[in-house]
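> The structure's right below; bear with me while I get my questions together.
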Amino acid sequence: MSEIWLRTGEATVLAAEGQYTDAMPEVMIGSIKGPVGNAFAGMAGQVAGHPRMFVVRDCNQMVRPATMMTTKMTVKSGDFVDLLGGIVQGATGDAILDCVIEGILPKDQIDELCMIVMIWLDPRCATDENLDRRDLYRTNYEATKLAISRTMKGEPTIDELIANRKSVQHYALDGVLEP
């Protein structure tokens, strides 16, 4: 496989009924010597409301390729940080490791690559008394794995996007635009 400079992807996996556990990671994968590596290094340190952390599966178990995770929304509570740095981080780490095991990520390039994963976590899940932690893990695991796979395959392709231009629209546009 040739050197990977910059690849991007995303995925959405919806929550179980009644849960606020939808997962929508966005992924950048690239060489430590390229633009992703530069962005990765530039993320060292913290920004108020947007924690950045290495993805670890557990204490002393940082995943490879080295991956930085951050949020796409402002974090406002310690409960939210606990979910992000616990279940979501663990699910993300497990998905990355399984992508290496399954050959989605090239094992022979692991130390030459780095990743940035931008996480969206519904703020309501931190205060939901009925939060299903298993579903939070499931959605983040499945969405991260799917996003990485799409990133590595370049999906959706431009041909797919052109083919479905008139049949697919953003969910928020439902009823706004004519099909």
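Laboratory data are not the source of any read-out in this text; all were calculated from the coordinates shown. Everything numeric here is computed off the predicted structure, so don't read it as measured data. Positions of Cβ are generated from backbone atoms using ideal geometry, with glycine treated the same way; all protein chains shown enter the neighbour counts.
> Please report how far the C-alpha centroid of the range 29-105 lies from that of the range 111-175, rounded to the nearest whole angstrom.
15
> Let me ask another. With the calculation restricted to Cα positions, what are the radius of gyration and Dmax of the range 90-179 in angstrom?
17.0, 48
> Which value at 222 nm does the chain reach when only helices count, each DSSP H run of 4 or more adding -39,500 (n - 2.57), with the total divided by all residues and rounded to the nearest 500 deg cm²/dmol?
Here the helix-only value at 222 nm equals -9000 deg cm²/dmol.
> Which order results if PHE54, PHE80 are arranged by neighbouring Cβ count within 10 Å, fewest first?
So the ranking, lowest neighbour count to highest, is PHE54, PHE80.
> Counting alpha carbon pairs within less than 8 Å and at least 6 residues apart, what relative contact order, in whole percent, applies to the chain?
Working: 313 pairs, mean separation 58.9, N = 179.
Relative contact order comes out at 33 percent.
> Out of every Cα pair in the range 7-173, what percent are spaced more than 30 Å from each other?
For the range 7-173, the share of Cα pairs beyond 30 Å comes to 17 percent.
> Right, another one. What spacing in nm lies between the two simple spin-label points modelled at ILE110 and HIS50, each 7 Å away from Cα in the Cβ direction?
3.0
> Calculate the translational D of the range 17-111 in whole µm² s⁻¹ from Stokes-Einstein, where the hydrodynamic radius comes from the Kirkwood formula applied to all Cα pairs, the temperature is 4 °C and the viscosity 1.567 mPa s.
Rounded, D is 90 µm²/s.
> Looking at the chain, what % of its DSSP beta bridges pair antiparallel, to the nearest 5? Write out the running numbers ahead of the final one.
Working: 16 of 22 bridges.
Looking only at bridges with both residues in the chain, the antiparallel portion is about 75 percent.
> Separate question: Please return the longest stretch of the chain lacking exposed loop sites, where GluC sites (Glu not before Pro) count only if DSSP places them in a loop and at most 16 other Cβ atoms lie within 10 Å.
18-101
> Sum up the lysine pairs in the chain that clear both bars: alpha-carbon distance under 21 Å and a spacing of 8 or more or different chains.
Values: LYS33/LYS107; LYS72/LYS145; LYS107/LYS145; LYS107/LYS153; LYS145/LYS153.
Here the count comes out as 5.
> What is the sum of charges around ASN130, taking Lys and Arg as +1, Asp and Glu as -1, for the other residues whose C-beta is under 15 Å from the C-beta of ASN130?
Neighbour charge sum, excluding ASN130 itself: -4.
> Let me ask you something else. Under 16 Å from a point 7 Å along the Cα-to-Cβ line of GLN61: which residues of the range 90-133 have their amide N that close?
90-101
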